[in-house]
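The values are calculated or read from the model by the stated rules, or taken from the named source; none is laboratory data. As the structure is a computational prediction, the values presented were derived from the model and not from experiment. Note that we place each Cβ from the backbone using ideal geometry, even for glycine, and neighbour counts take in every protein chain shown. What goes into the accessible areas is simple: the full protein's heavy atoms, side chains included, and nothing from ligands, DNA or RNA. Shrake-Rupley method; radii C 1.70, N 1.55, O 1.52, S 1.80 Å.
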Amino acid sequence: LENLQPEIKELAKRLRYEVSVRGKQLGWSEKVARFHFTKNMRRIVTELYVRDNCHPFKATLLLWVQVPMWVCVSLALRNCSVGARGSAVQEQFSSGGALWFPDLTAPDSTWILPVSLGLVNLLVVEV
């Protein structure tokens, strides 16, 4: 979307000139000329979005999926960590790890998980 802005500005300037010339020829009022400019500008911008396949909704689509998922995962982890499901969950966490973290209730002394999670999040944001 940001890459299209210079092209949109140039097209808007050209369209504004064409509408003003055509409006003077046909005797349009300022309100009618503004209506024609807005209608045609909207059509041109939509064609640019289709041409470059960059509709603004696509930029927010990830947000509409990611936020509810983040809330659900956060609530699930909170419920598990405070023992909302009972002591059976705590027992499973204390013996359900893998590799260098056999106890999921103990802090990660090697910092491998927090650092790798941070790097993966940075990679997601940057990509």
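Given the DSSP H assignment, sum -39500 (n - 2.57) over each helix run of at least 4 residues in the chain and divide by its residue total; what's the result at 222 nm in deg cm²/dmol, nearest 500? The partial results should precede the final answer.
On the way: 5 runs with 95 residues, N = 127.
Calculated mean residue ellipticity at 222 nm is -25500 deg cm²/dmol.
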| For Leu62 and Glu91, what does the FRET efficiency come to when R0 = 41 Å and r is the distance between their Cβ atoms, rounded to the nearest 0.05? | 0.65
| Once fully extended, how much extra length lies between Asn79 and Leu104, figured as 0.36 nm per residue of separation less the alpha-carbon to alpha-carbon distance? | 7.6 nm
| task | Over the chain, average the accessible area per residue using a 1.4 Å probe and give it in Å², no decimals. | result | 83 Å²
| task | Summarise the accessible area of the chain (1.4 Å probe, protein heavy atoms) by the percent that is carbon and sulfur. | result | 65 percent
| Setting aside same-chain residues fewer than 8 positions from Lys39, which lysines have a Cα under 17 Å from its Cα? | Lys9, Lys13, Lys31
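Just in region 26-121: which trypsin sites (Lys or Arg not before Pro) are loop by DSSP and have at most 13 other Cβ atoms within 10 Å? Could the numbers behind the result be given before it?
Values: sites: Lys31, Arg34, Lys39, Arg42, Arg43, Arg51, Lys58, Arg78, Arg85; in loops: Arg85.
Sparse-neighbourhood loop trypsin sites (Lys or Arg not before Pro): Arg85.
With an 8 Å Cα cut-off and a minimum separation of 6 or more residues, compute the relative contact order for the chain in percent. Let's see the in-between values first.
Working: 40 pairs, mean separation 15.9, N = 127.
So the answer I get is 12 percent.
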